[in-house]
1. Only one of (1) touching a residue at least 60 places away in the same chain (Cβ under 8 Å); (2) touching a helix residue (DSSP H, G or I) at 6+ places or on another chain (Cβ under 7 Å); (3) surrounded by 13 or more Cβ atoms within 10 Å (Cβ to Cβ) is not met by residue 375, so which one is it?
2. Considering only region 226-247, state which residues are closer than 15 Å to residue 299 by Cα and touching a helix residue (DSSP H, G or I) at 6+ places or on another chain (Cβ under 6 Å).
3. With out of contact with any helix residue (DSSP H, G or I) (no Cβ under 7 Å at 6 or more places or on another chain), without any contact (Cβ under 8 Å) to a residue 12 or more places away in the chain and surrounded by fewer than 19 Cβ atoms within 10 Å (Cβ to Cβ) as the only criterion, which of 319, 323 stands out?
4. Report the residue count in region 288-303 for those that are modelled with pLDDT of 90 or more and surrounded by 24 or more Cβ atoms within 10 Å (Cβ to Cβ).
5. Among the residues of region 379-388, is there at least one that is more than 18 Å from residue 271 (Cα to Cα), surrounded by 14 or more Cβ atoms within 10 Å (Cβ to Cβ) and in contact with a helix residue (DSSP H, G or I) (Cβ under 6 Å, 6 or more places away or on another chain)?
6. Let me spell it out: the conditions are (1) modelled with pLDDT of 95 or more; (2) under 26 Å from residue 256 (Cβ atoms); (3) assigned to a helix (DSSP H, G or I), and residue 210 meets all of them except one. Which number is the exception?
7. Would you list the helices (runs of 4 or more DSSP H) that sit entirely within region 136-191 and hold 2 or more residues that are surrounded by 19 or more Cβ atoms within 10 Å (Cβ to Cβ)?
8. Could you list, in sequence order, the residues of region 32-56 that are buried (at least 18 other Cβ atoms within 10 Å of the Cβ) and under 21 Å from residue 13 (Cβ atoms)?
């Protein structure tokens, strides 16, 4: 919905954030200053005892120094009341005595339509619940009792039963005056292909209501009572309400439990989630299909940074884990990953709970392996690598998987982890080099049973090359300073780069403090942001940053408030930093490879990386670059030449050539 200009500003002006937040927290009176609107309390979004949640009543913004939650009164109501944007606006407007303008007629009609369908779904929930307690539901009650589900669990998860009849639910709903088309549109019935009366989608099944994050029933899952049924579990078809790829079973309760510190567990089905929740693992969810989807992964990462995927201890469970890995690799971000807990062979979480109790499940969760370990296991388990060709095939497969990772830092760390695992596989345990030696140039002498001796370290000329000296640090500081200055002067574009700025290395003096203040207070606008920085770092902090020679010349610094120019500048500077980091990684890997790889391949890698860096920095160094003519008559830059000289010196080629 589009609100009139100024409506939200007026709403925020009339709303006291401290009063809104005060309904959910206990203020720390020793730390708070009510007269100045400076209020502190334990954070309502994560479990803590200290008062790290700050409300600036005058500015109308809150920020948690623990979990980094931030926003205004509208976002606070959205998160704590579990409502959408417009519902939060309505709540605050009612308290402030304001009238929310009417919605666009088409949008209102669509919202009303969804509300009507949800009401039909809730009627179905009540019908299935009552049916479970009738004579027809006796076998279903016995089954649930045999699975250890007590009355309170049945009530909590609203478990019901669909009797074995063709029109039981249909007749019940139409008898209540529900329009037949709405029943079909909810996915509760299907039209007859023979021209007869529509028939129920779910028959002779134990019914599990599926609710969205707002607690509305949008679908059902049904477990067949007949062991010969073609589908043991059946979900509602996709409807206006239900998209299974965007939905998680038990989403809202799990989100609340995870917010209180419980680990987020991803199980395979309804019964696993219910059993885990009843055993105290309340932050448990399940996908609604054969595999976790990309959208479901994003939902999981909004709840917790590192969900634990709990899978059955059989071949099918492992295959499911491998599918999750393929989906997750391109989506990985710093701090966002998965861990995998494999149940004992032949058991699912529900089996393990009933046989061995909650402690056994906790032990499995505590031993959950990182994703890189399971990735390695998939590529190596049950295979022999007794030939160079097989080892090369392994290297190729792993390279292809790691290449799927978009984040360069994560991709680098996966490469390092795989190198270590590869070393452990191809070298007997009793012949392993001293810890750290394998990656730093250690070699066995005297054949396969010789002692480990260090390879000649990288020579000083390589370490002092233009490409790898402290110039790299200075280069990074320069780029960081430009990025921070532009965003501090034009913070309106910060949202587009926030995730990148959160991981900005900040090697320069005071850069980390400036970055944190920018992320914390950037939404307040340039003027307020500068006030926060001045209060934390002194009056001249922003001025000193912008007066640095290499910063002051940047057009976006000279013209603050130009959003397009600021956006373009920050984008380019981040790309330059990425290029520089890529070069550093290539040099590091090339140095490791020198001990046993052909020089031509290593130099090719280094040349490509140098050219990428040269291209990225040309805009600021064009007039400073000196070129020489290479052996083939083509021009090469000074940075490339120094890189080659350093590499050749390291490999011993230069010395042989001179002799």
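The values are calculated or read from the model by the stated rules, or taken from the named source; none is laboratory data. Just so we're clear, the structure is a prediction, and the values are computed from it rather than from any experiment. Note: ideal-geometry Cβ built from the backbone for every residue, glycine included; neighbour counts use all protein chains shown.
1. The one condition residue 375 does not meet is (1).
2. Within region 226-247, the subset closer than 15 Å to residue 299 by Cα is 243-247.
Hits for region 226-247 are 245, 246.
3. Numbers: 323 fails: without any contact (Cβ under 8 Å) to a residue 12 or more places away in the chain.
None of the others qualify; the one that does is 319.
4. Going through region 288-303 one residue at a time, the tally reaches 2.
5. For region 379-388, residues more than 18 Å from residue 271 (Cα to Cα), surrounded by 14 or more Cβ atoms within 10 Å (Cβ to Cβ) and in contact with a helix residue (DSSP H, G or I) (Cβ under 6 Å, 6 or more places away or on another chain): present.
6. Status for residue 210: all satisfied but (3).
7. The qualifying helices (runs of 4 or more DSSP H) are 138-146, 168-175.
8. 39, 54, 55, 56
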